[in-house]
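S.K.: The structure that follows is given in the form of structure tokens.
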Amino acid sequence: MKVYVMAGKAGCGKNTSASYMKKYYESIGKSVVITEISKYLKLFAYEIKDWDGERDTKPRAFLQEVGSLIRHELFTDDFFIKRFLEDMKVYEKFVDVVIVADARFPKEIEMIKEACNSISIEVINEFSEYELKGSETKHETETALDSYSNFDYVVHNKTFKQLEEDLINIVKEVEKNEE
């Protein structure tokens, strides 16, 4: 099973990138799942805040607050990634490629790499205005990767077309290197 980890700030294009990669892999006959480390956190927003799951209505401040509470007060900073790594054992039985669309911490990237030799890709937004405001921009989920430089690849999201081309080139390079 091949595993890609997409990382970057809010609105940089991680999910769009994951979708482009999925589309390419499926075009060559591979089964793909796009998943998120934050899916458990988002479940709390669905249940507690009655969030509809839409990006435009995302209760980001609530998600940040609950995530910090879980990582620093109720449990430990690896709570979400440990749960996620358990899921990887299931995915490996059913799919060829897993794309993790939301790494936000160095520890997440490193633990996934250690568990399944993943390929990490930083997505840098050069396409649209940064979508967060005020204190949301200073939250640890937005700053933890600022000094992390151990990515396997970096893509600059300038246009959707260029982003898709760059990601397909990365996928082809990864596949060629594994032949």
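The values are calculated or read from the model by the stated rules, or taken from the named source; none is laboratory data. Given the structure is predicted, the values throughout are model-derived calculations rather than measurements. Cβ sites come from the backbone with ideal geometry, for glycine too, and all protein chains shown count toward neighbours.
S.K.: When region 12-46 is examined, which residues are found to be part of a loop (DSSP other than H, G, I, E, B) and either within 17 Å of residue 88 (Cβ to Cβ) or in contact with a strand residue (DSSP E or B) (Cβ under 6 Å, 6 or more places away or on another chain) (or both)?
M.R.: If the condition is that a residue be part of a loop (DSSP other than H, G, I, E, B) and either within 17 Å of residue 88 (Cβ to Cβ) or in contact with a strand residue (DSSP E or B) (Cβ under 6 Å, 6 or more places away or on another chain) (or both), then 12, 13, 30, 31, 36, 37, 38 are the ones that fit.
S.K.: While we're here: Filter region 47-61 for residues that are assigned to a loop (DSSP other than H, G, I, E, B) and basic (Lys, Arg); which is nearest to residue 11 (Cα to Cα)?
M.R.: Per the stated criteria, the residue is 58.
S.K.: Take the conditions within 29 Å of residue 162 (Cβ to Cβ), in a helix (DSSP H, G or I) and more than 13 Å from the chain's Cα centre (by Cα) and apply them to residue 136. Does it pass?
M.R.: When the stated conditions are applied, residue 136 passes them.
S.K.: Which residue pairs have Cβ atoms under 7 Å apart, sit 6 or more places apart or on different chains, and have a first residue in region 10-21 that is at pLDDT 95 or above and a second that is surrounded by fewer than 24 Cβ atoms within 10 Å (Cβ to Cβ) and of a type in the set (Asp, Glu)?
M.R.: 20/164
Residues checked against (1) touching a residue at least 24 places away in the same chain (Cβ under 8 Å); (2) surrounded by 17 or more Cβ atoms within 10 Å (Cβ to Cβ); (3) touching a strand residue (DSSP E or B) at 6+ places or on another chain (Cβ under 8 Å); (4) not aliphatic (A, V, I, L, M):
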position: 78; (1), (2), (3), (4): yes, no, no, yes
position: 97; (1), (2), (3), (4): yes, yes, yes, no
position: 101; (1), (2), (3), (4): yes, yes, yes, no
position: 108; (1), (2), (3), (4): yes, yes, yes, yes
position: 114; (1), (2), (3), (4): no, no, no, yes
position: 120; (1), (2), (3), (4): yes, yes, yes, yes
